[in-house]
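Working notes, beginning with the structure itself.
The values are calculated or read from the model by the stated rules, or taken from the named source; none is laboratory data. Just so you know, these numbers come straight off a predicted model, no measurement behind them. All Cβ positions, even for glycine, are placed from backbone atoms using ideal geometry, and neighbour counts span all protein chains on display.
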Amino acid sequence: MRTNEELNGCTLAGPERYSEEWLAQHDKHVVPFVAGTRLGSDHVRRLVAGSRACGARAILISTLAEGREKQPLTEAAVSQASVDTAVGDRYRGRPALVAASNLRGALLLTEHGYALIAGDAHFLGGAAGEGVDRLRTQFERTARRLSARVPTLQDVARRYPARYVAWGSLRDVPAGTGMARQVAVMRSFAHGEIAAPEFAKGWLAGRRKALRDGERAREWIASDMQEIFAALEEYSFGESPCEPGSLTGDELRARVQSVVLRWRI
């Protein structure tokens, strides 16, 4: 991939949208950010963190300006200083696309005061560690606050709404979510189907996914999940506690069983 046209053509559906085909590859999601007219340090930091997390060897920079389609891409190392130097003043006030060289994630700077960061789970784990839903919710609030000055932002917020609401019942938790995985391993552990280390790893992996995707729970579910997390912080992954006060596998199972009994699952 050598020219602006080649990079833009395989990732974008226009100057303000990613193509559905590119987003479908590796199940990518989009997060909007207020950006002004140039790439800010926070946006570059997120892009670099995402590129590192997905294993990109470099960062590619393309302009969306008409008449420059055949010009070569600018390439930068995966570091904030390198990207800042490569961008310089050339992209000030101009739409641009900045992408991980393996195309697992990208940042699209538009001319309407916002940027769109998109990527797969690995890329967004670095670029949007707070979680897709949390950042979309923050953008929606900012869009409302700036509606008189930048009305376009509200249209963008409606295009990328938060995906999850705060669940108040286990029946409302969709399959495939991080929280669904947490509930499944809790049930298996409480019924003696898996050992403590397997439970701990599975539950914490589900928690990381839930945080990354912005999944939320209300009232007693949130409280009981926090109780499990606190127990895991006390648990020793070894065969015996590493220090006085650490929970053994049997003690951890008892804690989980008490929650599962309350939930009747």
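Quick notes on this structure:
- Within region 49-75, the set of residues being within 23 Å of the chain's Cα centre (by Cα) and free of Cβ contacts under 8 Å to residues at least 60 places away in the same chain comprises Ala56, Arg57, Ala58, Ile59, Leu60, Ile61.
- Out of Arg159, Arg144, Arg171, sole residue that is more than 30 Å from Ala254 (Cα to Cα), more than 19 Å from the chain's Cα centre (by Cα) and not β-branched (Val, Ile, Thr): Arg144
- Pairs are defined by a Cβ separation below 7 Å, a sequence spacing of at least 6 or placement on different chains, a first member in region 112-131 that is in the same structural domain as Val48 (by TED's automatic domain parsing), and a second member that is among the acidic types (Asp, Glu); the pairs so defined are Asp120/Asp27; Gly131/Asp213.
- Qualifying residue in region 99-108 (condition: farther than 30 Å from Arg149 by Cα, aliphatic (A, V, I, L, M) and not in a loop (DSSP other than H, G, I, E, B)): yes
- Val78 over 16 Å from Leu23 (Cα atoms), β-branched (Val, Ile, Thr) and at pLDDT 90 or above: yes
Residue-by-condition table, conditions (1) under 15 Å from Gly119 (Cβ atoms); (2) outside the structural domain of Ala121 (by TED's automatic domain parsing); (3) of a type in the set (Asp, Glu):
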residue	(1), (2), (3)
Ala24	yes, no, no
Asp27	yes, no, yes
Val31	yes, no, no
Ala53	yes, no, no
Ile61	no, no, no
Ala65	no, no, no
Lys70	no, no, no
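Conditions (1) surrounded by 15 or more Cβ atoms within 10 Å (Cβ to Cβ); (2) not in a loop (DSSP other than H, G, I, E, B), marked per residue:
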residue: Cys10; (1), (2): no, yes
residue: Trp22; (1), (2): yes, yes
residue: His26; (1), (2): yes, no
residue: His43; (1), (2): yes, yes
residue: Glu66; (1), (2): no, no
residue: Ser82; (1), (2): yes, yes
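- When Val48 is tested against (1) of a type in the set (A, V, I, L, M, F, W, C); (2) buried (at least 21 other Cβ atoms within 10 Å of the Cβ); (3) under 27 Å from Gln154 (Cα atoms), just one condition goes unmet, and that condition is (3).
- Here Glu5 does not qualify as free of Cβ contacts under 8 Å to residues at least 40 places away in the same chain and either of a type outside the set (A, V, I, L, M) or part of a helix (DSSP H, G or I) (or both).
- Arg171 meets each of the listed conditions (1) over 18 Å from Glu130 (Cβ atoms); (2) touching a helix residue (DSSP H, G or I) at 6+ places or on another chain (Cβ under 9 Å); (3) among the charged types (D, E, K, R) apart from (2).
- Among the candidates Arg94, Arg104, the residue that is modelled with pLDDT of 95 or more and within 18 Å of Thr11 (Cβ to Cβ) is uniquely Arg104.
- Among the residues of region 41-98, those that are of a type in the set (Val, Ile, Thr), over 19 Å from Phe123 (Cβ atoms) and in contact with a strand residue (DSSP E or B) (Cβ under 6 Å, 6 or more places away or on another chain) comprise Thr63, Thr74.
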